[in-house]
Amino acid sequence: MPAHLFVWDQLERQYQQITADLTDALSVQSRRPEGMVFCTGVIASQWPYLEVLDARSSHSYCLDDLVLCRPQARHLLGVPICHDGAKVGVLCAAGEHPATKPMRSRRRKLLQEVATRLEHVMQCGLP
């Protein structure tokens, strides 16, 4: 089963989709979708993350491009990427199957750690 990772750029209103499958193939696509409701929800949220167990059955997110278009995501977890105190993007993990329970704390913290590292790179630049 492929793994999907999305990085939403709030300023440019586009995202990078990174997909890896079991054959270690990696693809990266840039898109400017109009229906990125989930990423906008993460930006607007006061919580440190936003998780949707089954986006297809969610009234808020069932029409999101992540759900309707490839990868046809069902389970979504997003954490904000901040720069100078403002939310400037979203790091999102997406699964193609609905979840029956929230993602484990350890995995959620890993996604938050990656977002924190992206923030550090934005602040300090690459070494």
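Read-outs: derived from the displayed coordinates by stated rules, not from any lab. Values in this document were obtained by computation on a predicted structure and should not be read as measured data. Note that we place each Cβ from the backbone using ideal geometry, even for glycine, and neighbour counts take in every protein chain shown.
What the table below lists for this structure:
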{"item": "Spacing of the two label points (7 Å from each Cα toward its C-beta) at Lys87 and Gln72, in nm", "result": "2.9 nm"}
{"item": "DSSP-loop trypsin sites (Lys or Arg not before Pro) across segment 34-127, with at most 14 other Cβ within 10 angstrom", "result": "Arg104"}
{"item": "Two-site FRET efficiency, Gln46 against Ser105, from Cβ-Cβ distance with R₀ of 22 Å, rounded to 0.05", "result": "0.70"}
{"item": "Pair Gln112, Leu63: separation of 7 Å Cα→Cβ label points (nm)", "result": "3.2 nm"}
{"item": "Within segment 51-121, GluC sites (Glu not before Pro) in DSSP loop having at most 16 other beta-carbon neighbours inside 10 Å", "result": "Glu96"}
